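Below is one structure, written out as structure tokens; the observations come after it.
All of the numbers you see were taken from the coordinates with simple rules; none came from a lab. Keep in mind that what you see is a predicted model, and the values were worked out from it rather than measured. With ideal geometry, Cβ positions are generated from the backbone for all residues, glycine too; neighbour counts draw on all protein chains shown.
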Amino acid sequence: METSSQSDERPWQFRAACRGIDPELFFPKSSSREDKARTEQALDYCARCEVRDDCLDYALRYEEFGTWGGKTEEDRGRILLERKREASKRVHPTAQAMDETEPNTERL
Ligand code: SF4
């Protein structure tokens, strides 16, 4: 997969398992069965890619769309949301305590 010009490529991208592969596998246009099958193919490339961690780190910072680092955009959205929650708990420790408190359903 090549999504930028040669001069924009990061060193890890030269070792990508998806190098030269049709980028459409990694950027589904719909949620059709065909596009889901393409995404599964993309994830197969990612599963055997030696730069998967670098790719995922990059995508979590800069890429909103597509499959990167073995994660779909929905997967990355969940990772980023979890990171925000964890960061919030570090800044506001009471938020964690409130999350862990079960609602008292006896009074409801
Ligand atoms: S992890 Fe997947 S998207 Fe990233 S470089 Fe490797 S094959 Fe390509």
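List of remarks:
- Thr94/Arg10 FRET efficiency (R0 41 Å; Cβ-Cβ; nearest 0.05): 0.55
- Ranked list, fewest to most other Cβ atoms within 10 Å of each Cβ, for Phe14, Phe65, Phe26: Phe14, Phe65, Phe26
- Calculated from backbone phi, Karplus (6.51, -1.76, 1.60) coupling profile of the range 22-29 in Hz, x at Gly/Pro: 3, x, 4, 4, 9, 10, x, 9
- Cβ-based exposure ranking for Lys84, Lys36, in which fewest neighbours within 10 Å come first: Lys84, Lys36
- Residue-by-residue Karplus 3J(HN,Hα) for the range 88-93, coefficients 6.51, -1.76, 1.60, Hz, glycine and proline x: 5, 5, 5, 6, 10, x
- Cα-projected label distance for Arg78 with Tyr58, points at 7 Å along beta-carbon direction, nm: 2.4
- Straight Cα distances below 18 angstrom link Lys29 to the lysines Lys71, with same-chain residues fewer than 8 positions distant left out.
- Between Asp35 and Arg85, the distance separating the two model label sites (each 7 Å from Cα on the Cα→Cβ line) works out to 2.7 nm.
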